[in-house]
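Trainee: So that we are looking at the same thing, I have put the structure below in structure tokens.
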Amino acid sequence: MALIVVVWLIVASGLAFQGVYTLRTGQATWFFIEHPSHAPMSSYSRMKHAFVYLLSALCILVILARMLTGTGVKQIVSWVTANYGLIFVSLSFMIFGIVYLAHPEKSLRWAIPHNPELWDNKYVQVTARIICIVFIAVSAIILAKL
């Protein structure tokens, strides 16, 4: 159990640090990778990128706090062990949904080289965003049912 809690706290703190780093510097690269200096992002882009990292860290901390507050360690271990797959899948869906909701062109990256007209088509981007919203909703429903 301690290993799970420690790993989740490390991941949450890394995501939170990355969110603050993105807000502060305007760079989207990871804070632990040396990168060539690029022009910083606009403030709106900084907030979008940082929101993804900070929301993911907050979700991890809320799940841990909720489980640690009301129950004992044995119940937490049994809950995480019994629901590990659903927790992983739902958090993955949520993270992918948030990332692709902020940047729908990344979800279309595989199709754009063969169909360049998709790049400027607003209906395609709206459809990609609707799919992302469905991913987020499914993950929220899974987490609510656990």
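The values are calculated or read from the model by the stated rules, or taken from the named source; none is laboratory data. These numbers come from a predicted model, not from an experiment. Positions of Cβ are generated from backbone atoms using ideal geometry, with glycine treated the same way; all protein chains shown enter the neighbour counts.
Trainee: Return the residue satisfying two criteria in turn: it lies in the stretch 80-115 and is of a type in the set (Phe, Trp, Tyr) and within 18 Å of residue 19 (Cα to Cα), and of such residues it is surrounded by the fewest Cβ atoms within 10 Å (Cβ to Cβ).
Mentor: It comes out as 96.
Trainee: Follow-up question, since we're still on this one. Can you name every residue in the stretch 105-146 that is outside any helix (DSSP H, G or I) and charged (D, E, K, R)?
Mentor: 109, 120
Trainee: Limited to the stretch 22-66, what total is found for residues that are surrounded by fewer than 16 Cβ atoms within 10 Å (Cβ to Cβ), modelled with pLDDT of 75 or more and more than 24 Å from residue 100 (Cβ to Cβ)?
Mentor: 3
Trainee: Related question: Please state which one of 146, 118 is surrounded by fewer than 17 Cβ atoms within 10 Å (Cβ to Cβ) and touching a residue at least 60 places away in the same chain (Cβ under 8 Å).
Mentor: 146
Trainee: So residue 4 fits all but one of (1) at pLDDT 75 or above; (2) in a helix (DSSP H, G or I); what number is the exception?
Mentor: (1)
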